[in-house]
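The values are calculated or read from the model by the stated rules, or taken from the named source; none is laboratory data. This one's a predicted model, so the numbers in the text were calculated from it and none came from an experiment. Here Cβ is always computed from backbone atoms with ideal geometry, including for glycine, and neighbour counts include all displayed protein chains. The accessibility values were calculated without ligands, DNA or RNA, using every heavy atom of the protein model including side chains. Shrake-Rupley method; radii C 1.70, N 1.55, O 1.52, S 1.80 Å.
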Amino acid sequence: VDGLSVALEYADGRFDRGATRGDGTVGEDVTENLKTIRSIPLTLEDAPGRLIVRGEVFMPRSVFESLNEQREQAGENPFANPRNAAAGSLRQLDPRVAAARRLDILIFNLQLIEGRHFETHAETLEYLSAQKFKVIPYTLCSSIELVKKSVEAIDERRYGLNYDIDGAVVKVNSL
């Protein structure tokens with residue numbers, strides 16, 4: 001997903017903090033704006049003491065096109081692309097502006113969890129999905145040939161998605 005990578009941190013089942021990568025060492029706190037994204041659960045049912053997940057915030061293409069149409073009608077410059085629009089929206093000082101931009105998120109990684117152990121990446125995504133996170137679509141492949149076919153399939157359907165992608169990610173399932 002071509003968007004803005006963020007980390008979401010939960011403490012005792014409550015969304016506590018969210019940050020961008022920032023400069024690679026210190027992230028930019030965007031907690032209040034992330035709270036406006038409806039697909040981010042603010043509380044978790046089966047909550048560990050501490051949980052950190054990573055995801056990609058994006059602006060759906062349909063929202064981007066509608067927003068640019070509104071901007072042009074208002075005599076404002078359109079946004080260059082959905083990625084930049086999402087990044088700028090998430091960094092707004094006023095969470096109401098971020099909320100109006102109807103951002104979304106797909107979670108792609110479990111960074112840290114207290115009290116649980118997983119053997120595979122797929123298990124972590126299944127767990128996060130059960131916790132009501134919107135996880136990135138994925139395909140388990142048992143050979144490099146199937147990996148190549150999956151990447152080709154992604155390429156064939158990329159323009160039909162409601163979000164931009166900048167490629168495919170291949171991960172080894174075993175943690």
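Brief remarks on what is shown
- Surface accessible to a 1.4 Å probe, per residue, for the residues of the chain, Å²: 59 Å²
- Lys pairs under 23 Å by Cα in the chain, provided they are eight or more residues apart or on distinct chains: 6
- Anisotropy class of region 53-175 from Cα gyration tensor, a/c 1.5 cut: oblate
- For the pair region 66-93 and region 140-175, the centres of their Cα atoms are 29 angstrom apart.
- Rolling a 1.4 Å probe over the protein heavy atoms of region 76-145, with every protein chain left in place, gives an accessible area that is 51 percent carbon and sulfur.
- Its relative contact order, with pairs defined as Cα atoms under 8 Å and 6+ residues apart, puts the chain at 26 percent.
- Structure-based [θ]222 nm, the chain - -39500 (n - 2.57) summed over DSSP H runs of at least 4, per residue, nearest 500: -9000 deg cm²/dmol
- The charge dipole of region 34-82, taken about the Cα centre with unit charges on the Cβ atoms of Lys, Arg (+1) and Asp, Glu (-1), comes to about 240 debye, rounded to the nearest 20.
- Take the Cα of residue 139, step 7 Å toward its Cβ, do the same at residue 28, and the gap between the two points is 3.5 nm.
- For residue 147 and residue 16, the difference between the fully extended length at 0.36 nm per residue and the C-alpha to C-alpha distance is 43.5 nm.
- For residue 117 and residue 80, the difference between the fully extended length at 0.36 nm per residue and the C-alpha to C-alpha distance is 9.1 nm.
- Under-5 Å amide H pairs with residue 120, H placed in peptide plane, nonlocal only: 175
- For region 88-146: rounded, prolate or oblate by the Cα gyration tensor [a/c cutoff 1.5]: prolate
- Mean-square fluctuations from a GNM of the chain, with a 10 angstrom spring cutoff on Cα atoms, peak among 109, 33, 162 at 162.
- Placed amide H near residue 134: partners under 5 Å, 5+ positions off or other chain: 107
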